[in-house]
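Structure record follows, encoded as C-alpha cells.
The values are calculated or read from the model by the stated rules, or taken from the named source; none is laboratory data. Quick caveat: nothing in here was measured; it's all calculated off a predicted structure. Using ideal geometry, Cβ is built from the backbone for each residue, glycine included, and neighbour counts are taken over all protein chains shown. Calculation scope for accessible area: heavy atoms of the full protein, side chains included, ligands and nucleic acids excluded. Shrake-Rupley method; radii C 1.70, N 1.55, O 1.52, S 1.80 Å.
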Amino acid sequence: MHSFDDYYYFYLVVKYGGFSAASHASNITKSKLSRRILELEAKFNVTLIQRSTRHFKVTPLGQEFFQECEKVINQVDCAHNVLLKQKSEPQGLVKISCPPVMMRYQIRSLLNDFLKRYPKVQVEMELTSRRVDVLHDDIDLAIRTNFSANEDSTIVVRDVIKTTHCLVATPELLQGRVLEYPTEINDFPTIVLGTQKTHYQWNLHRIEGHDLIEIPLQPRIKSNDLAGVYYSVMDGLGIADLPYLTVQKDLAAGRLIHILPDWCSNIGTVQLVYASRKGQRLVMEKLIDHLVEGLRQAAQNQEGYAS
C-alpha cells in the first residue's frame, strides 16, 4: 500500500489550488509536495495534475481521486476528534473484575459515584473471586484482595489499602463457650476460602505483642467465593476467617461472635491490577484515581482497615 501521506499531500495541493499555496498552508515544502505526487503518479503510471511554470490543472482522474482522498481525510479528522474528546472527558467502555463481596462492601458506591459523574462511561463487570489474568481475560481493571507479594512483573499492581480479618462463628455453634487459646479452634468445624490448596492454615498473631501461631486446618467446607464462606458461617456450620467489613453489622447485632478478639488473623491488601500505564486512556486514569482516593478515605473513617 502506498503511503497515506502521499494521498494527504495530493489532497492539500488540490484543495489549495497549487503547490505554493499548499506549502504555505501546511508548512510542508513545495519541493516535497511536488516530489511525492510525482512518485505517486509514477507508481500507478497516471497523470493526476497537469502543471507547468504558469499552469496548474487537475485531470478528470485527479479530480475523482481527490474526492476519494477528501472522504478519507474527513474520516481521519473524525477519528482524531474522538481522541481529542477522550482527552477532555472520560468516556468509553471499561471492563472490570471484582469479587462479589468486595463489590458490595467497598467498591459499589465508589463505582456508582464515578458513573454518575461521567455519563459517557460504560462498565462491563465480571463479579468473580477467581484470580483473573488481565491480559488473557481481556480485563481493563481487576480489583482484588491479595495476601501475598505479587510476583508478576508484566502487569501493574497498585497496593491501595490493607483490610483486617477476624475469626467468627454463630452463638449457636459455640453454645456459650468462650475460646481462650487459638488451639481450641480445632474443636469446631472450620470454613475456608479456596478449593485448590493442598493444605489449609490460619496464621494468627497477638495484637498486643509479637506472639505468632499457625493453626493447621481440616476444613469441613471449602468455597471458591467469599460469599459462600459468609453464608456457611451464618448458617452455623463452622468458624470462618472473614473481612471485618463484611461481618461488622452481624457482630454488632449479635448474629456472630468475634472469636479470639486479642488475636489478628489475615491482613489483606486491596489491589488495583491493570496491564500498563503507557498510553492509558483518560477514563482509566480517572477511575483508578477515584477508587484509590475513595478507598483510602474510607480507611481513615471506618473500622476494618489496617494502618
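With THR164, THR198 as the choices, which residue is among the β-branched types (Val, Ile, Thr), loosely packed, with under 12 Cβ neighbours inside 10 Å and over 24 Å from GLN91 (Cβ atoms)?
Numbers: THR164 fails: loosely packed, with under 12 Cβ neighbours inside 10 Å.
Just a single option satisfies the conditions, and that option is THR198.
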Restricting to region 116-149, and then to whatever is touching a residue at least 24 places away in the same chain (Cβ under 8 Å) and small (Gly, Ala, Ser), can you tell me which residue is least open to solvent (accessible area, probe 1.4 Å)? ALA142
Could you say which residue among GLY228, GLY209 is at pLDDT below 90 and of a type outside the set (Lys, Arg)? GLY209
Can you name the residue in region 248-293 that is assigned to a helix (DSSP H, G or I) and open to solvent by 70 Å² or more (accessible area, probe 1.4 Å) and is also nearest to VAL178 (Cα to Cα) among such residues? ALA252
Looking at region 32-44, I want the residues that are outside any helix (DSSP H, G or I) and have a partner that is open to solvent by 80 Å² or more (accessible area, probe 1.4 Å) and at pLDDT 90 or above with Cβ atoms under 6 Å, at least 6 apart or on another chain. Which pairs are those? none
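Limited to region 24-36, what total is found for residues that are modelled with pLDDT under 90, touching a Phe, Trp or Tyr at 6+ places or on another chain (Cβ under 9 Å) and either on the phi > 0 side of the Ramachandran plot or open to solvent by less than 50 Å² (accessible area, probe 1.4 Å) (or both)? Write out each step before concluding.
Let us first name the residues in region 24-36 that are modelled with pLDDT under 90, namely 24-27.
Adding the requirement that they be touching a Phe, Trp or Tyr at 6+ places or on another chain (Cβ under 9 Å) leaves 24-26.
Applying the additional criterion that residues be either on the phi > 0 side of the Ramachandran plot or open to solvent by less than 50 Å² (accessible area, probe 1.4 Å) (or both) yields 26.
Qualifying residue count, region 24-36: 1.
Of the residues ASN112, ASN45, ASN74, which single one is open to solvent by 80 Å² or more (accessible area, probe 1.4 Å) and polar (S, T, N, Q)?
Values: ASN112 fails: open to solvent by 80 Å² or more (accessible area, probe 1.4 Å); ASN74 fails: open to solvent by 80 Å² or more (accessible area, probe 1.4 Å).
Being open to solvent by 80 Å² or more (accessible area, probe 1.4 Å) and polar (S, T, N, Q) holds for just one of ASN112, ASN45, ASN74, which is ASN45.
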What is the number of the single condition among (1) out of contact with any helix residue (DSSP H, G or I) (no Cβ under 9 Å at 6 or more places or on another chain); (2) modelled with pLDDT under 90; (3) farther than 30 Å from VAL132 by Cβ that ALA42 does not meet? (2)
For the subset of region 235-247 comprising residues that are over 31 Å from the mean Cα position of the chain (by Cα) and not charged (D, E, K, R), which member is surrounded by the most Cβ atoms within 10 Å (Cβ to Cβ)? ILE239
